[in-house]
């Protein structure tokens with residue numbers, strides 16, 4: 001979705017930190033929460049487009065849609081405008 005808005009996301013522009021919670025739910029060990037924090041280097045003037053793209057990405061992400069309703073996924077992001 002970033003590339004569609006002319007925001008490159010190849011390895012030196014985007015990385016994330018991910019953590020999750022594993023809990024005993026009715027005697028079964030389950031992943032119950034996943035938190036993702038994105039670090040994105042964006043072209044100057046692309047903050048609004050990046051925010052718009054990220055607001056839509058979870059509904060289009062194959063991994064997120066596969067576990068929707070079973071695992072609570074949340075995300076945050078930091079943007080750094082490149083000069």
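Laid out as a table, the results:
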read-out	value
Search result, residues across region 28-51 that are under 17 Å from residue 13 (Cβ atoms) and within 16 Å of the chain's Cα centre (by Cα)	36, 37, 38, 39, 40, 41, 42, 47, 49, 50, 51
Among (1) at pLDDT below 95; (2) closer than 13 Å to residue 77 by Cα; (3) surrounded by 14 or more Cβ atoms within 10 Å (Cβ to Cβ) - the single one residue 35 does not satisfy	(1)
Cross-chain or 6+ apart pairs with Cβ under 6 Å, region 47-60 first and within 16 Å of residue 82 (Cα to Cα), then modelled with pLDDT under 90	49/5; 50/7
Hits in region 67-83 (condition: under 13 Å from the mean Cα position of the chain (by Cα) and either under 16 Å from residue 9 (Cα atoms) or exposed (fewer than 14 other Cβ atoms within 10 Å of the Cβ) (or both))	74, 76, 77, 78, 79
Condition met for residue 4 (surrounded by 15 or more Cβ atoms within 10 Å (Cβ to Cβ) and at pLDDT below 95)	no
One residue from 26, 21 being at pLDDT 95 or above, more than 23 Å from residue 62 (Cβ to Cβ) and loosely packed, with under 14 Cβ neighbours inside 10 Å	26
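The values are calculated or read from the model by the stated rules, or taken from the named source; none is laboratory data. Treat the numbers as computed from the prediction; the structure is a model and nothing was measured. When we count neighbours, we look across all protein chains shown, and the Cβ atoms used for this are built from the backbone with ideal geometry, even at glycine.
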